[in-house]
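*Asks:* Below is one structure. I have some questions about it.
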Amino acid sequence: MNWKELLATKYPWLFNSPPWRLKEGEDENKRYPVCIDVDDGWKSLIEDLARGLDDLSLKVSPEDLNMMYVVQIKEKFGGLRFYMSSCTEEMYDLIAQAENDSYSICEKCGKSGKNRTGGWYKTLCDEHARELGYEYDED
Ligand SMILES: [Zn+2]
């Protein structure tokens, strides 16, 4: 199981769409793990965010929590985008912080990185910027 599947297993309320989104006739126990479409360098960032959201979920009623789940996780312009169906203000702040932090973490390896352009925007460390043909600082 990779880290993305592991997250979906650890926090099913967050990473699986709820049963009412199933098509008619489908098993109610069947759930759909959300696609986490980012590279492995952001593993810790997303794991920490998920843990934080899970802590905050304890303050939410089961009815409300049923309406809260991840819709999509992806990279855009070199930054993390973490979309939820709905969430509390505290959850929103936590997500905003993680999205902000992503601009200084290499998406490939997790080392300290910078937002760079090389046709596309991407947040990368010097090594990966060089390897992937993005701008980097010449020492
Ligand atoms: Zn890197």
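Rule-based calculations on the coordinates, nothing more; no lab input. All figures in this text were calculated on a predicted structure; none of them were measured in a lab. Quick reminder, even Gly has a Cβ in these numbers, built from the backbone with ideal geometry, and neighbours come from all protein chains shown.
*Asks:* Quick one: Karplus J couplings for the range 102-107, per residue in order, coefficients 6.51, -1.76, 1.60, θ = phi - 60°, nearest Hz, x for Gly and Pro?
*Replies:* 4, 6, 10, 10, 4, 6
*Asks:* Excluding the sites themselves, what is the longest stretch of the chain that contains no GluC sites (Glu not before Pro) in a DSSP loop with at most 15 other C-beta atoms within 10 Å? Walk me through the intermediate numbers first.
*Replies:* On the way: sites that count: Glu24, Glu26, Glu28, Glu135, Glu138.
In short, 29-134.
*Asks:* Could you calculate the FRET efficiency of Glu63 with Lys10 from 1/(1 + (r/R0)^6), where r is the beta carbon distance between them and R0 is 30 Å, rounded to 0.05?
*Replies:* 0.85
*Asks:* Around Lys114, which amide H atoms from residues at least 5 apart in sequence, or from another chain, sit under 5 Å from its own amide H, with H modelled in the peptide plane?
*Replies:* Distant-sequence amide H within range of Lys114: Leu124, Cys125.
*Asks:* Let's see if you can work this out: charge +1 on each Lys and Arg Cβ, -1 on each Asp and Glu Cβ, no other charges. What is the dipole magnitude of the chain about its Cα centre, in debye to the nearest 20? Intermediate values should be presented prior to the final figure.
*Replies:* Details: 18 positive and 28 negative charges, 65 e Å.
The dipole of the chain has a size of about 320 debye.
*Asks:* Can you tell me the convex hull volume per residue for the chain, based on C-alpha atoms, in Å³ to the nearest whole number? Could the numbers behind the result be given before it?
*Replies:* Numbers: hull volume 16.3 nm³, N = 139.
Looking at the chain, the number lands at 117 Å³ per residue.
*Asks:* Summing -39500 (n - 2.57) over the DSSP H runs of n ≥ 4 in the chain and dividing by its residue number, what mean residue ellipticity at 222 nm do you reach, to the nearest 500 deg cm²/dmol?
*Replies:* Details: 6 runs with 50 residues, N = 139.
My calculation for the chain gives -10000 deg cm²/dmol from helical runs alone.
*Asks:* Between Trp3 and Asp40, 0.36 nm times their residue separation minus their Cα-Cα distance comes to what? Write down the numbers at each step before the final one.
*Replies:* Values: separation 37, 0.36 × 37 = 13.32 nm, distance 0.87 nm.
Fully extending the segment from Trp3 to Asp40 adds 12.5 nm.
*Asks:* I'd like the Kirkwood hydrodynamic radius of the range 43-82, using the inverse of the mean 1/r over distinct C-alpha pairs, in Å. List each step's numbers first, then the result.
*Replies:* Values: mean 1/r = 0.0869 Å⁻¹.
Result for the range 43-82, one decimal place: 11.5 Å.
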